[in-house]
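Report on the structure given below.
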Amino acid sequence: MTPRIDASPEPAKIQAMFDGIAGRYDRLNSLMTAGLHHRWRDLGVLVAQVGPGDSALDVACGTGDFAFALRRAVGRQGRVVGLDFSEEMLALARDKCGRNQLWVDFVQGDLLDLPFADGEFDACTVGFGIRNVPDIPRAFSEMRRVVRPGGRVVCLEITRPDLIGFKQFYNLWFDGVVPLLGRFAAGDKFAYSYLPASVRRFPDPDALRDVMSGVGLINPRYEILAGGIIALHHALV
Ligand SMILES: C[S@@+](CC[C@H](N)C(=O)[O-])C[C@H]1O[C@@H](n2cnc3c(N)ncnc32)[C@H](O)[C@@H]1O
């Protein structure tokens, strides 16, 4: 019998799940998005509007790809910190520093209680992470707090398309194929069944924009990418 998928973002469960799939996360990400995930993060860096010498924080950084993209934008004089609560994901991110020849300071922490001063960064990003937290307003509020006035908060997240035809294909792919890929390629059907379940209960792009404005972020907006499956939200502090 298929177990009921509990998509409630209980922190200890989420942390254990990401610790468990860390070693296969990058491979599966590329498989499930046909490698497009790198392009989406590059667009995230663009709307973060960071340049040489700036400082940026990427929360829920996982294996570090968003942080490395930010690093390329801020150059040698800039500073990038990646924060995550999964030590296994962070270990892989730190390994990639050498391979990418890009230095990022990867630290363990909870994005709901960021260990940084008010206004410490020029921008704060989150990629495919906010869906996993139990308190989304608090996550945005913390991201806003650590960014200086005039800086940017950016959120890249999966969303569900509206377009008739594509919507049906997407549901089939996401609810049927993704969990199977998870079982065969990652050996963890639960983790990749959790993925569609967590997207289903996540606010739609308009509602997420309203959450951002509710915590005081200025002029929150979003772009829909990849035919409607990715939403890129951004706002000023
Ligand atoms: C789907 S991965 C995304 C990783 C990366 N940002 C990317 O773009 O590939 C989600 C990450 O969020 C982290 N995470 C979830 N809740 C968190 C929290 N409350 N504090 C810190 N990290 C968290 C998980 O450990 C995991 O590494």
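Overview of results
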| quantity | calculated |
| --- | --- |
| Residue within segment 32-47 that is under 18 Å from the mean Cα position of the chain (by Cα), surrounded by fewer than 16 Cβ atoms within 10 Å (Cβ to Cβ), closer than 21 Å to V146 by Cα and not small (G, A, S) present | yes |
| Hits in segment 118-137 (condition: touching a strand residue (DSSP E or B) at 6+ places or on another chain (Cβ under 8 Å), in a loop (DSSP other than H, G, I, E, B) and away from the ligand (no atom under 14 Å from the Cβ)) | G119, E120 |
| F85 vs. criteria at positive phi and under 17 Å from the mean Cα position of the chain (by Cα) | no |
| Qualifying residues in segment 28-55 (those that are charged (D, E, K, R) and within 18 Å of A123 (Cα to Cα)) - the one farthest from the ligand (Cβ to nearest atom) | D54 |
| Filter result (surrounded by fewer than 18 Cβ atoms within 10 Å (Cβ to Cβ) and more than 17 Å from H37 (Cα to Cα)) within segment 149-163 | P149, G150, D162, L163 |
| Residue that is surrounded by the fewest Cβ atoms within 10 Å (Cβ to Cβ), among those in segment 95-132 that are more than 20 Å from R39 (Cα to Cα) and among the aromatic types (F, W, Y) | W103 |
| Number of the exception - Q101 against (1) over 28 Å from R209 (Cβ atoms); (2) modelled with pLDDT of 95 or more | (2) |
| Candidates G62, G78, G35, filtered to the one that is closer than 28 Å to G228 by Cβ and in contact with a strand residue (DSSP E or B) (Cβ under 7 Å, 6 or more places away or on another chain) | G62 |
| Residues of segment 98-113 that turn out to be under 19 Å from the mean Cα position of the chain (by Cα) and either within 9 Å of the ligand (Cβ to nearest atom) or without any contact (Cβ under 8 Å) to a residue 24 or more places away in the chain (or both), as a count | 6 |
| Check on D58, near the ligand (Cβ under 9 Å from one of its atoms), touching a Ser or Thr at 6+ places or on another chain (Cβ under 8 Å) and among the acidic types (D, E) | yes |
| Residue in segment 115-125 that is at positive phi and in contact with a helix residue (DSSP H, G or I) (Cβ under 7 Å, 6 or more places away or on another chain) present | no |
| Any hit, segment 13-25, residues being β-branched (V, I, T), within 10 Å of the ligand (Cβ to nearest atom) and within 17 Å of the chain's Cα centre (by Cα) | yes |
| Residue within segment 74-95 that is over 29 Å from A197 (Cβ atoms) and within 12 Å of the ligand (Cβ to nearest atom) present | no |
| Count - residues of segment 138-161 that are over 8 Å from the mean Cα position of the chain (by Cα), more than 24 Å from L172 (Cα to Cα), within 11 Å of the ligand (Cβ to nearest atom) and not acidic (D, E) | 2 |
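Yes/no matrix, rows are residues, columns are (1) modelled with pLDDT of 95 or more; (2) part of a loop (DSSP other than H, G, I, E, B):
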residue: A139; (1), (2): yes, no
residue: V154; (1), (2): yes, no
residue: I164; (1), (2): no, yes
residue: L172; (1), (2): no, no
residue: V177; (1), (2): no, no
residue: L180; (1), (2): no, no
residue: P203; (1), (2): no, yes
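The values are calculated or read from the model by the stated rules, or taken from the named source; none is laboratory data. What you see is a predicted model, and the numbers here were worked out from it, not measured in a lab. Counting neighbours? That spans all protein chains shown, and the Cβs are built from the backbone with ideal geometry, glycine included.
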